[in-house]
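Quick note: the coordinates plus some simple rules give every number you see, no bench work behind them. Computed from a predicted model, the values in this text were never measured in an experiment. Quick reminder, even Gly has a Cβ in these numbers, built from the backbone with ideal geometry, and neighbours come from all protein chains shown.
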Amino acid sequence: MTARSKSGPPLRSAELSREALTTNLTALRAKHGDEVAIDLRSNAFGLGSAEVGRIAADVGIRHCLLDRAQVTPPGLAAAPQGSPVLSGWWSGPGGPVVIFSATIISIKDVPAGTPVSYGYEYHTAQETTLALVSAGFADGVPRCPGAMIGIGGMCFPIAGRIAMDQCVVDIGAASAEVGDRATMWGESPSLAHWSSWSERPEAALLAHLGSRVVKSWH
């Protein structure tokens, strides 16, 4: 495939929603009570303990669980021994806190039987369209069977092995263009889907987002 470029958002990005986090934390605090602590280890799993901690304090959470070297965010105190700890705050009634997406950098129509990616482990079952997406395992996309990526509101299978910088998606007869965004996880597919496919905890997937993934709060 020949990569073509189109101006727009970063090649790889993680959009972080303050509104979703606020709603999710409010619901968790209402469910678990005032003694609950929020899990902010690993710099809030790479999302930034300062910002996540600030939002937690704003909704009335008073304690947090930190790694030894972390600085306690303002408004929070270290969790007392035995305190219930909130994890899973990255999803809930407010929706996903993190939408991890990347740009489609090439589109190619191919015939049935076309081999795709390393080792040619994947062959197209029929005439189809392949989309090359600018995110790979170096960006935090784990190699795992059965994984899918969202394009244009629909989910499509990853074709072949995920490369370091890119992956290929078999979109069939669906329409897509160079410059469109492909969603690794957000609403659909979700972080929970990727956790199931990869057999890794959701927190680990968040923490392993690569340094090239541009993170921004909205």
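Dividing the mean sequence gap of close Cα pairs (under 8 Å, 6+ apart) by how many residues the chain holds gives a relative contact order of 25 percent. The percentage of C-alpha pairs in the chain whose separation is greater than 31 Å is 28%.
For the residues A102, A125, A163, a GNM of the chain with alpha-carbon springs under 10 Å puts the largest fluctuation on A125. Considering only V52, P157, S190, the residue lying farthest towards the positive end of the dipole of the chain is V52, judged by Cα position with unit charges set on Cβ. Label A77 and H208 with points 7 Å out from Cα along Cα→Cβ: what is the distance between them in nm? Computed distance between label sites A77 and H208 equals 3.7 nm. Take the Kirkwood radius over Cα pairs of the stretch 106-203, plug it into Stokes-Einstein at 20 °C and 1.002 mPa s, and you get 159 µm²/s for translational diffusion. Between 0 and 90 degrees, the angle of helix 49-58 with respect to the longest Cα principal axis of the chain falls at about 50 degrees.
Only Lys, Arg, Asp and Glu count, each charged at its Cβ (+1, +1, -1, -1), so figure out the dipole size of the chain about its Cα centre, rounded to 20 debye.
The dipole magnitude comes to about 400 debye.
When DSSP beta bridges are restricted to pairs lying wholly in the chain, around 70% turn out antiparallel. The separation of the stretch 34-49 from the stretch 62-103, counted between C-alpha centres, amounts to 2 Å. Shown is the FRET efficiency for R54 and S175, computed with R0 = 45 Å from the Cβ-Cβ distance and rounded to the nearest 0.05: 0.65. The trypsin sites (Lys or Arg not before Pro) of the stretch 30-134 meeting both criteria, a DSSP state outside H, G, I, E and B (loop) and at most 11 other C-beta atoms within 10 angstrom of the site's C-beta, are R68.
Give the relative contact order (percent, whole number) for the stretch 101-197; include only Cα pairs under 8 Å separated by 6+ residues.
Relative CO of the stretch 101-197 lands at 33 percent.
Evaluating 6.51 cos²θ - 1.76 cosθ + 1.60 at θ = phi - 60° for every residue in the stretch 195-210, the Karplus couplings come out as 4, 5, 4, 8, 6, 10, x, 4, 4, 5, 4, 5, 5, 9, 4, x Hz, glycine and proline recorded as x.
Axis of helix 18-32 versus longest Cα principal axis of the chain: the two differ by about 50°, to the nearest ten degrees. The reciprocal of the average 1/r between distinct C-alpha atoms defines the Kirkwood hydrodynamic radius, which for the stretch 18-86 equals 11.6 Å.
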